[in-house]
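Here, each number is a calculation from the coordinates, and none is a lab measurement. Predicted model, so just to flag it, every value in this text is computed and none were measured. Glycine gets a Cβ as well: all are built from the backbone with ideal geometry, and neighbour counts include every protein chain shown.
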Amino acid sequence: MRYLRNLVIVSCLCLFGTGCASTIKAFTPGATRKSKYVESHPCLSSKIRQDILAGTIRIGMTKEQVIASRGKPRDINRTGSALGIQEQWCYGDYGEMPDYYLYFENGILTSWQD
């Protein structure tokens, strides 16, 4: 009886242990988003590729690259003028995470504020 109980315990541990390895990626959508973007854009410079995978931003990135690196913003404020379209992207969780703002001109990151 004791042998059977131990066999069941070991079997459960093996089953759950192998299941954990596959569920880690399921809880890291940012890592999946970043790697998929980098893999599907082989012409990225090595600096931009490294920034996206590290979750950092760089002046000159496109909106698409910033989304790949940081995810979608909480809010987007747009202003149109004779100079083009300016956007303010707002990130943060209303108090749980510090707010920061990214500024784009004609789809290119030009500055940020934290």
Here, trypsin sites (Lys or Arg not before Pro) of the stretch 29-114 satisfying both criteria (DSSP loop; at most 16 other Cβ within 10 Å) are Arg58, Arg74
Over all viewing directions the Cα convex hull of the stretch 29-113 casts an average projected area in nm² of 5.9 nm²
Give the residue from Trp112, His41, Gly92 lying farthest towards the positive end of the charge dipole for the stretch 29-113; charges sit on Cβ (+1 for Lys and Arg, -1 for Asp and Glu) and the dipole is referred to the Cα centre. His41
Ratio Rg/Rh [Cα only; Rh per Kirkwood] for the stretch 72-114: 1.03
